[in-house]
Amino acid sequence: MAHVVLKDLVKTYGSFKAVNEVSLTINDGEFVALVGPSGCGKTTTLNLVAGLTSATSGDIFIGDRVVNDLDPKDRDIAMVFQNYALYPQKSVYMNLAFPLQMRKLPKGEIDRKVREAARVLDMTQLLERKPRELSGGQQQRVALGRALVRDPAVFLMDEPLSNLDAKLRVQMRSEIKRFHQDLKATIIYVTHDQLEAVTMADRMAVMNGGYLQQYDSPAQVFAHPANMFVASFVGSPAMSLIPLEASMGNGGAVLTSAEGWSLELSPRNAQKVARATTKKVVLGARHSTIKLHKSAVPGAIPAKAYTVEPTGDVTFVQALLSGAIVNISVSPNIAVTPDEQIWLEFDQERMHLFDSETEMALEAN
Amino acid sequence: MSTVSETISRGQPARRLRIDGWRWGGRAFLVFMLLYTALPMIWMLLTSIKSGFAAMQFPPQWWPDQPTLASYQKLLDPQNSVGQDFLRFFWNSLIVSTATTILSVIVAVPAAYAFSRFTFPGRNFLFFAVLLRNMFPAVIFLVPLFILMRAIGLVNTHGSLVLTYLTFGLPLAIWLLKGFYDNIPVQLEQAARIDGATRFQAFILIVMPLSAPGIIATAIYSFIGAWNEYIYAYTFLSKNEQLTLPVGIQRFFSENTTDFPGLMAASFMMSVPVVVLFLLLQRYFVRALTEGAVKH
Ligand SMILES: Nc1ncnc2c1ncn2[C@@H]1O[C@H](COP(=O)(O)OP(=O)(O)OP(=O)(O)O)[C@@H](O)[C@H]1O
Ligand SMILES: [Mg+2]
């Protein structure tokens with residue numbers, strides 16, 4: 001196993017920058033998730049590490065070697081492709097055996113490793129089949145198996161669970177996690193499913209538009225999103241972002257809405273707002289940090305329920321506030337009907353404030 | 001098909017009539033094409049087993065009264081001069097066509113792969129330049145090529161024909177193969193390279209087997225083109241012992257104009273290698289080899 005370092009990595013296609021000045025350090029044995037919306041450069045970043053595309057500028061280290069000019073086969077990596085890339089003319093067995101054959105392992109050892117991987121992935125009965133005779137989920141497991149038979153310095157996985165049904169996905173998720181713990185494997189794991197990243201990864205790198213937005217543990221990213229993009233991308237349902245106007249006066253700060261209501265901030269939050277470059281500030285709040293009242297309460301803001309979505313465990317209420325949709329979760333025994341008048345109370349300790357100009361999170365000193 | 005038209009036609013007789021009309025039209029067309037291609041072949045076969053006299057009769061004998069294999073025996077007998085010539089022409093054609101086929105596969109495979117996978121300066125220009133040759137009828141190049149061959153001393157050699165057939169066959173072969181390579185997902189090679197293969201190994205071990213139908217189609221196309229070609233063989237070669245079948249048959253039998261059974265027997269035997277080639281290789285065409293490789 002080895003650590004991986006990306007230094008100021010840039011990849012351009014013509015004038016289009018697919019990956020932009022990305023710097024990341026992945027420690028030996030660390031599980032790092034690369035998340036972001038479709039087209040943000042996740043696969044491109046992974047291909048750069050794998051050596052399938054060459055970087056426009058920047059350096060890639062695997063272990064202590066600069067691998068910029070090394071062939072993929074010399075980088076000591078294994079990769080699971082987003083579209084599987086199974087060898088169609090080979091049986092499942094031969095697909096799994098191929099990386100071992102290319103590394104000239106003895107026959108007996110190849111057989112032992114292939115059967116072990118097949119057992120872990122529960123496809124011993126499928127070994128003689130051709131890829132076209134498998135379901136999408138089975139094909140995905142073969143793709144995963146072809147990486148797991150090896151013992152490389154780094155595993156690169158490009159959405160390896162995207163095509164599995166919900167039950168199998170949860171099962172494979174824990175299988176990969178166990179695999180990581182047992183082998184102390186270094187894994188770079190691409191997904192656009194932030195829940196997968198949060199549940200599996202030691203650290204997550206959030207990307208958008210080719211830029212690295214934030215790189216931290218899932219708990220930190222969740223609790224302290226660096227900017228509005230990360231705030232809205234991580235967490236489900238998404239954090240509500242309400243654009244407001246800040247006004248300072250006699251030591252405190254007040255956020256005012258165009259709708260007429262205003263919200264007094266705690267001293268700590270007032271400090272944050274004071275650092276904004278503009279008067280326009282965005283208030284961010286996760287669904288669980290907003291209290292819903294059915295009657296007026298001091299400090300609560302009047303709003304109208306818009307939609308109500310019972311999910312069994314919790315009921316999600318959406319309300320319109322200052323032109324933004326606000327998500328609130330309430331216990332299912334609180335009955336709310338659409339268009340009902342409600343009052344919302346924000347938790348000052350757990351609210352987020354963003355500069356609407358730079359979109360960056362505002363921090364107290 | 002029938003259930004479809006029945007479901008549609010319920011309560012709509014006019015609709016059914018139209019569908020049936022198309023269907024019968026299609027069948028009639030297929031039958032016509034079948035007769036159009038098969039009848040001359042059948043007539044060729046029938047004539048080849050007639051005696052010389054029976055072949056000239058009018059009205060014709062639709063079925064030979066006394067079928068005989070004499071023409072075949074004569075052509076395949078290395079003892080008499082007719083047989084010696086025929087077998088030599090056959091051998092010459094086989095050499096020229098096989099050499100053309102092997103060379104065109106050797107050149108077309110890497111060329112098509114490069115056009116499909118790499119971007120390099122002048123790629124588009126080259127790709128269409130390759131096709132330019134096919135925009136003109138082949139005879140236009142007869143005189144220039146003859147002068148060229150004479151200049152490099154290739155007149156009266158089989159090499160001149162192989163080179164010429166290559167210039168005619170390669171453009172389409174490259175186009176055809178490029179289509180095959182375009183349809184093989186690039187991730188397969190990438191996976192192989194990560195699994196420890198060099199770029200060349202990835203091509204040989206993974207891509208080549210998947211493009212087998214394309215390579216076979218290319219080979220058949222080149223072989224038939226070379227096997228049947230007449231004008232260039234007629235112009236470039238003058239020594240009797242070098243002639244290929246199309247020229248040889250024509251020249252040899254024009255001295256014996258009345259021997260139609262012999263001519264037909266020779267023509268029939270000339271078509272045998274092509275048919276055998278097709279029968280042996282056709283099963284490779286129907287398989288979609290990349291099925292199951294990637295998610296759709
Ligand atoms: N060969 C290429 N030529 C030009 N543009 C490319 C090429 N490959 C990728 N891109 C562009 O680079 C951007 C990033 O692509 P990439 O495949 O890395 O996205 P991704 O984050 O993996 O998305 P997804 O979640 O949909 O897989 C996209 O906008 C894509 O259009
Ligand atoms: Mg991708």
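The values are calculated or read from the model by the stated rules, or taken from the named source; none is laboratory data. Keep in mind the model is a prediction, meaning the values are calculated, not measured. Quick reminder, even Gly has a Cβ in these numbers, built from the backbone with ideal geometry, and neighbours come from all protein chains shown. Only protein heavy atoms, including side chains, enter the accessible area calculation; ligands, DNA and RNA are left aside. Shrake-Rupley method; radii C 1.70, N 1.55, O 1.52, S 1.80 Å.
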- Message: Suppose we filter segment A:189-210 for residues that are at pLDDT 90 or above, open to solvent by 10 Å² or more (accessible area, probe 1.4 Å) and either basic (Lys, Arg) or within 16 Å of ligand 2 (Cβ to nearest atom) (or both); how many remain?
- Response: 3
- Please tell me if residue A:149 is within 11 Å of chain B (Cβ to nearest Cβ), among the aliphatic types (A, V, I, L, M) and more than 16 Å from ligand 2 (Cβ to nearest atom). yes
- Task: Would you check which residues across segment A:14-49 are open to solvent by less than 50 Å² (accessible area, probe 1.4 Å), outside any strand (DSSP E or B) and either farther than 17 Å from residue A:191 by Cα or more than 16 Å from ligand 2 (Cβ to nearest atom) (or both) and list them?
- Result: A:29, A:30
- Cβ-Cβ below 9 Å, separation at least six or inter-chain, first residue in segment B:186-206 and facing another protein chain (nearest Cβ under 8 Å), second of a type in the set (Val, Ile, Thr) and open to solvent by 30 Å² or more (accessible area, probe 1.4 Å): which pairs? B:188/B:290; B:197/B:204
- Residues that are within 16 Å of ligand 2 (Cβ to nearest atom), open to solvent by less than 30 Å² (accessible area, probe 1.4 Å) and of a type outside the set (Asp, Glu), drawn from segment A:152-164: A:156, A:157, A:160, A:161
- Give the residues of segment A:300-309 that are within 18 Å of residue A:236 (Cα to Cα) and over 26 Å from the mean Cα position of the chain (by Cα), sorted by residue number. A:307, A:308
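I'd like to check something: does segment A:212-225 contain any residue that is open to solvent by 40 Å² or more (accessible area, probe 1.4 Å), modelled with pLDDT of 90 or more and on the phi > 0 side of the Ramachandran plot?
No; the residues of segment A:212-225 include none that is open to solvent by 40 Å² or more (accessible area, probe 1.4 Å), modelled with pLDDT of 90 or more and on the phi > 0 side of the Ramachandran plot.
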- Task: Grab the helices (runs of 4 or more DSSP H) fully contained in segment A:114-225, keeping just those with 3 or more residues being within 28 Å of residue A:52 (Cα to Cα).
- Result: A:136-148, A:166-183, A:194-200
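Quick grid of which residues meet (1) of a type in the set (A, V, I, L, M, F, W, C); (2) within 19 Å of residue A:30 (Cβ to Cβ):
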position: A:173; (1), (2): no, yes
position: A:183; (1), (2): yes, yes
position: A:189; (1), (2): no, yes
position: A:193; (1), (2): no, no
position: A:197; (1), (2): yes, yes
position: A:203; (1), (2): no, yes
position: A:208; (1), (2): no, no
position: A:220; (1), (2): no, yes
position: A:259; (1), (2): no, no
- Task: Taking the options A:149, A:142, A:120, name whichever one is farther than 25 Å from residue B:200 by Cβ, surrounded by 22 or more Cβ atoms within 10 Å (Cβ to Cβ) and among the aliphatic types (A, V, I, L, M).
- Result: A:142
- Query: Taking into account only those residues within segment B:231-243 that are open to solvent by less than 10 Å² (accessible area, probe 1.4 Å) and assigned to a loop (DSSP other than H, G, I, E, B), which is nearest to residue B:156 (Cα to Cα)?
  - Reply: B:237
- Query: So, of the residues in segment A:91-106 that are open to solvent by 40 Å² or more (accessible area, probe 1.4 Å) and part of a loop (DSSP other than H, G, I, E, B), which turns out to be farthest from the other protein chains (Cβ to nearest Cβ)?
  - Reply: A:106
